[in-house]
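For reference, the structure discussed in these notes is given below.
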Amino acid sequence: MTEIKIEKKTPVWPKILFVLGLLFVAYAAWYFFFQNDKVEPLVTADETVLIDLHENNNLVAAYVTFINSDTNTMSLDHAFTSEAFTKLTDAVDAMATETGYDLKADITKAKQLADEITKDPEVTNHADKIRSAADVLSTSLKNMQQAKYPSLSAEADDVKSAASAIKPEILTLDQRDAVKSFFRKAADLLNKMN
């Protein structure tokens, strides 16, 4: 008679536990390396947190309210655009002051450009000045965002894109939507910073 060899099956549960252990280790690594670096504030020598500050600044709130309750139509005298730029430069300046970011030269240039658009309503280069002021302010906001608010990169890029959408060669009144879009995108970014 021949002998029949009976082999015992190896249990499956140690393999299942091993796979589950690997999955747990992979999840823990993902969590600690990718989830924890979303908010990591930078602390300066005086121990004040500089990244993702929320200031609740009144000038920023005034600008956001002005833009969100926009019932003004843009007209030949550019009063709305000038007031919007004045409030925007004040809000950007206030936010920069609150966060300790120096934008004085940019703010001065933007205010000068905003003042120039109301001096002579018949001049046809208002769009050029509006675009220049929008470029200055969007660059300032982008620089401040990169230094102090890294989580708002997409919003800052939206402001920069909206500024680029204002065409200097087209009359301002023919591109009202582009100008107002810039103001709305800037209000959105400043509101999130505030």
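We did not get these values from a lab; they are worked out from the coordinates using the rules stated. Model, not experiment: these values are computed from the prediction. We place every Cβ from the backbone using ideal geometry, glycine too, and count neighbours over all the protein chains shown.
Within straight-line reach of residue 180, meaning a Cα separation under 27 Å, sit the following lysines at least 8 residues removed in sequence or on another chain: 87, 104, 109, 111, 119, 129, 142, 148, 160, 167, 192.
Between the alpha-carbon centres of the stretch 143-194 and the stretch 1-32 there is a gap of 56 Å. Give the residues of the stretch 90-116 whose amide nitrogen is closer than 19 Å to a point set 7 Å from the Cα of residue 65 in the direction of its Cβ. It comes to 90-95, nothing else.
Were the residues from residue 10 through residue 167 laid out at 0.36 nm apart, the gain over their Cα-Cα distance would be 49.1 nm. A DSSP coil position with no more than 15 other Cβ atoms inside 10 Å describes the following GluC sites (Glu not before Pro) in the stretch 97-190: 122, 169. A simple spin-label model places pseudo-atoms 7 Å from Cα toward Cβ; at residue 119 and residue 176 they are separated by 2.7 nm.
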